[in-house]
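Colleague: Okay, here's the structure, questions in a sec.
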Amino acid sequence: MGKVLITGGAGYIGSHVVKRLLERGIETIVLDNLQTGHREAVVGGTCVQGDIGDERILQEIFAGHEIDSVIHMAADCLVGDSTKAPLKYFNNNVNKSLRLLGEMVERRVNKMVFSSSAAVYGNPSRVPIEEDSPALPINPYGETKLIFEKILESCKIAHGLQYISLRYFNAAGADPDGLIGEDHHPETHLIPTVLKALLRKGRRVPIFGTDYDTPDGTCIRDYIHIVDIADAHILALEALHAGEGCDIFNLGNGNGFSVQQIIQATSQVTGRTIPVMESQRRPGDPPVLIASSEKIRKRLGWIPQYGKLEEIIDTAWRWHRTHPHGFRSSVLKKGVGG
Ligand code: UFG
């Protein structure tokens, strides 16, 4: 396999993908505007700071490196935020991504693994969700991911693009060796928010909605370990190189946990009581998202290594305890020590 360009490779999911690729001896180049990503999260390979919408940087990267495939992860990815700032989402996730695709077509780089999302399904009528369930997003973020999947399909027909779209469910956990983990500012995701509430006095975890039509009234999600997500990208790249054709796969564990269950499980893993407060529903949140992961297991041979919720929370907890200020923690530590 030749060099892989990873857009958004300094982000939470991207940095774990890069680490895994490097461990497999695959050469990487990251393009990340570092608005939400961290240079320190990129543990090796080349890292270029820049935007996927910047044609000059794209031209330089493709001209200067023998890139034979792209993992396209750069995106805005918060459901709630997308309901407040839809234009930002359509611009960054669709408009700017078109420039990346344009450059790929021009350079005849014809393999892409795309970071899609469970958000394309909207409010599914059946769970676990299979890939052929109707894609009817209920928030702008999901719309942008679905639109881009359609664009990829058109490019397949017109330009011979080979793509695999991975529809992620809820990414969580951290690399078990503790080098990298989740570091968002502000943090909005459930598991890190719960862990941060344990590390910062006076914080409470808001439970967004307790009146959903679910057994305990809180939303249910399918949490998947970040390393298992990373491994799926390697399998997807290998499938593209083997000429196995374009496809769309769910990436989840197939188990659903409610917000309340996550809080209970975190309490058990950490041995501490989680301070919570009931809050209003968050706009754009579907009540239940659980993946059927049968297709990726069968077709790509994907087997999750960290399928247990406790392992997911435990690796995240280790990262947060050792990096209470995220990637800035090591800088702050050095500063304190002189
Ligand atoms: N939640 C809370 N309190 C919080 C944070 C979250 O109650 O402080 C709830 C949310 O309302 C939701 C659940 O916990 O019901 C999970 O929320 P996250 O913000 O952790 O994740 P989302 O399900 O909103 O979204 C994530 C990714 C999306 C992806 C989606 C797919 O951010 O990119 O999973 O399921 F599309």
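The values are calculated or read from the model by the stated rules, or taken from the named source; none is laboratory data. A quick note: this is a predicted structure, and the numbers were derived from the prediction, not measured. A quick note on method: Cβ atoms are made from the backbone with ideal geometry, for glycine too, and the neighbour counts reach across all protein chains shown.
Colleague: Regarding the stretch 53-76, can at least one residue be identified that is assigned to a helix (DSSP H, G or I), within 19 Å of Phe249 (Cα to Cα) and at pLDDT 95 or above?
Modeller: No, the stretch 53-76 contains no residue that is assigned to a helix (DSSP H, G or I), within 19 Å of Phe249 (Cα to Cα) and at pLDDT 95 or above.
Colleague: Please find, among Ile164, Ile151, the residue that is closer than 21 Å to Thr7 by Cβ, touching a residue at least 60 places away in the same chain (Cβ under 8 Å) and among the hydrophobic types (A, V, I, L, M, F, W, C).
Modeller: Of Ile164, Ile151, the one residue that is closer than 21 Å to Thr7 by Cβ, touching a residue at least 60 places away in the same chain (Cβ under 8 Å) and among the hydrophobic types (A, V, I, L, M, F, W, C) is Ile164.
Colleague: Related question: Where residues in the stretch 64-90 are farther than 23 Å from Glu187 by Cα and touching a residue at least 40 places away in the same chain (Cβ under 8 Å), which of them is nearest to the ligand (Cβ to nearest atom)?
Modeller: Ile71
Colleague: Let me ask you something else. Which of the residues belonging to the stretch 218-256 are part of a strand (DSSP E or B) and surrounded by fewer than 22 Cβ atoms within 10 Å (Cβ to Cβ)?
Modeller: Asp247, Ile248
Colleague: Within the set of pairs 6 or more residues apart or between chains, which connect a residue that is closer than 19 Å to Thr270 by Cβ and aliphatic (A, V, I, L, M) inside the stretch 167-195 to a residue that is in a loop (DSSP other than H, G, I, E, B) and at pLDDT 95 or above with Cβ atoms less than 7 Å apart?
Modeller: Within 7 Å, the pairs are Ala174/Ile180; Ala174/Gly181; Ala174/Glu182; Val194/Ile274.
Colleague: Filter the stretch 218-242 for residues that are more than 21 Å from Ser292 (Cβ to Cβ) and either free of Cβ contacts under 8 Å to residues at least 40 places away in the same chain or charged (D, E, K, R) (or both) and give the result.
Modeller: Correct list: Glu238, Ala242.
Colleague: Still on this structure, please answer the following. Of the residues Ala119, Ala197, Ala158, which single one is touching a Gly at 6+ places or on another chain (Cβ under 9 Å) and part of a helix (DSSP H, G or I)?
Modeller: Result: Ala119 is the single residue among Ala119, Ala197, Ala158 that is touching a Gly at 6+ places or on another chain (Cβ under 9 Å) and part of a helix (DSSP H, G or I).
Colleague: Take the conditions in a helix (DSSP H, G or I), in contact with a strand residue (DSSP E or B) (Cβ under 7 Å, 6 or more places away or on another chain), modelled with pLDDT of 95 or more and crowded, with 21+ Cβ neighbours inside 10 Å and apply them to Leu152. Does it pass?
Modeller: Here the answer is yes, as Leu152 does meet what is asked.
Colleague: Test Asp314 against the criterion of being assigned by TED's automatic domain parsing to the domain that holds Arg24, of a type in the set (D, E, K, R), touching a residue at least 24 places away in the same chain (Cβ under 8 Å) and in a helix (DSSP H, G or I), and give yes or no.
Modeller: no
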